[in-house]
Amino acid sequence: MDVLTFLLEPLQYGFLTRALAVTVAAAVVAAVLSCWLILMGWSLMGDAVSHAVLPGVALAYILGIPFSIGAFVFGAGAVALIGVVRSTTKLKADTVIGVVFTALFAAGLAIVSATPSQIDLMHILFGNVLGVSAADVWQVLVLGAVTLAVLLFKRRDLTLLAFDRTHAHVIGLNIRLLSALLLGLLALTVVVGLQAVGIILVVAMLITPGATAFLLSRSFDRMLAIAVVLTVAASVAGIYASYYLDISTGAAVVLCQALVFAAVYLFARPDGILWRARRRSRVRSRVRSGPAARTEA
């Protein structure tokens with residue numbers, strides 16, 4: 001099989017073309033947002049929101065309404081509940097997040113188990129990107145475009161919030177409003193990503209691209225660009241891998257992102273593990289050879 005046939009054969013199928021569009025759109029939005037989540041230490045919040053939307057999705061299926069509505073309501077509700085409990089107790093943020101998202105996830109599982117004939121739990125948990133309709137594609141594209149536009153419009157304020165909250169407050173920025181905006185966009189991004197990889201794996205799209213880009217750059221603008229480029233490449237590779245290897249599409253996309261992270265972790269210059277080991281080895285060699293060289297002299 002030549003390269004052109006390899007690339008074009010999957011695109012002959014409409015369901016795979018729609019899956020590619022949905023996955024790339026969701027991956028780009030998640031990659032951009034993940035850069036702020038990584039810098040602010042909010043990775044666990046992404047995990048919490050992605051799991052907390054399960055009861056919303058289950059209820060939406062039961063009521064026959066778009067599951068994105070239920071997911072967004074419960075995602076935003078989880079963020080608000082975490083904020084209320086956090087501000088009214090002495091508990092730390094990670095403790096409150098753990099309590100809230102596990103409670104909501106358990107509630108979702110209970111709803112699904114009570115109506116097993118009406119809801120396909122596997123599709124909710126792991127996505128069903130190969131089964132998306134044209135309407136689903138438009139929904140993801142519109143929600144993704146809105147989320148991306150808001151992120152880019154507020155880019156400077158959100159970046160200042162991530163690096164120096166005190167300075168942001170001093171110059172008059174509303175810290176609470178910006179935090180609430182970012183969390184609202186997180187809930188919306190989870191809704192966008194659900195179609196592609198499901199509730200369980202969407203957290204990978206919210207963390208891995210930003211973490212990978214962070215290892216490669218100390219410039220935030222460059223970090224954004226790297227995260228988008230790498231996640232688009234991993235998403236396309238994942239779609240093709242799922243077609244030719246006949247494996248789960250969502251899992252293939254996440255695995256490709258994980259492979260990119262592993263490659264950067266090991267081989268990236270100058271901070272990759274192997275490069276650092278090589279530098280340490282050279283330093284030890286110079287230290288050992290130093291006294292011998294002086295003795296010979």
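Structure data summary
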item: Qualifying residue in segment 30-40 (condition: open to solvent by 20 Å² or more (accessible area, probe 1.4 Å) and closer than 30 Å to D246 by Cα); result: no
item: Test for L183: is it at pLDDT 85 or above and either surrounded by 15 or more Cβ atoms within 10 Å (Cβ to Cβ) or within 27 Å of A27 (Cα to Cα) (or both); result: no
item: Whichever residue in segment 153-180 is among the aliphatic types (A, V, I, L, M) and assigned to a loop (DSSP other than H, G, I, E, B) and, among such residues, is farthest from S34 (Cα to Cα); result: I171
item: Residue pairs meeting the criteria (Cβ under 8 Å; at least 6 apart or on separate chains; first open to solvent by 70 Å² or more (accessible area, probe 1.4 Å) and among the hydrophobic types (A, V, I, L, M, F, W, C), in segment 106-127; second at pLDDT 80 or above and part of a loop (DSSP other than H, G, I, E, B)); result: F126/S248
item: Of the criteria (1) modelled with pLDDT of 85 or more; (2) under 25 Å from A78 (Cβ atoms); (3) open to solvent by 50 Å² or more (accessible area, probe 1.4 Å), which one L158 fails; result: (3)
item: Segment 170-182 residues that are closer than 14 Å to R156 by Cα, paired with ones that are acidic (D, E) and part of a helix (DSSP H, G or I) (beta carbon under 6 Å, 6 or more apart); result: L173/D157; L178/D157
item: Per-region count, segment 125-139, residues within 20 Å of A58 (Cβ to Cβ), among the β-branched types (V, I, T) and either within 17 Å of the chain's Cα centre (by Cα) or at pLDDT 80 or above (or both); result: 1
item: Condition check for L20: over 11 Å from the mean Cα position of the chain (by Cα), farther than 17 Å from G193 by Cα, among the aliphatic types (A, V, I, L, M) and open to solvent by 10 Å² or more (accessible area, probe 1.4 Å); result: no
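Yes/no per residue for (1) without any contact (Cβ under 8 Å) to a residue 12 or more places away in the chain; (2) open to solvent by 20 Å² or more (accessible area, probe 1.4 Å); (3) not in a helix (DSSP H, G or I):
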{"site": "I199", "(1), (2), (3)": "no, no, no"}
{"site": "V203", "(1), (2), (3)": "no, yes, no"}
{"site": "T208", "(1), (2), (3)": "no, yes, no"}
{"site": "A233", "(1), (2), (3)": "no, yes, no"}
{"site": "L255", "(1), (2), (3)": "no, yes, no"}
{"site": "L259", "(1), (2), (3)": "no, yes, no"}
{"site": "P270", "(1), (2), (3)": "yes, yes, yes"}
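The values are calculated or read from the model by the stated rules, or taken from the named source; none is laboratory data. Keep in mind that what you see is a predicted model, and the values were worked out from it rather than measured. All Cβ positions, even for glycine, are placed from backbone atoms using ideal geometry, and neighbour counts span all protein chains on display. Just the protein is used for accessible areas: all its heavy atoms, side chains included, with ligands, DNA and RNA removed. Shrake-Rupley method; radii C 1.70, N 1.55, O 1.52, S 1.80 Å.
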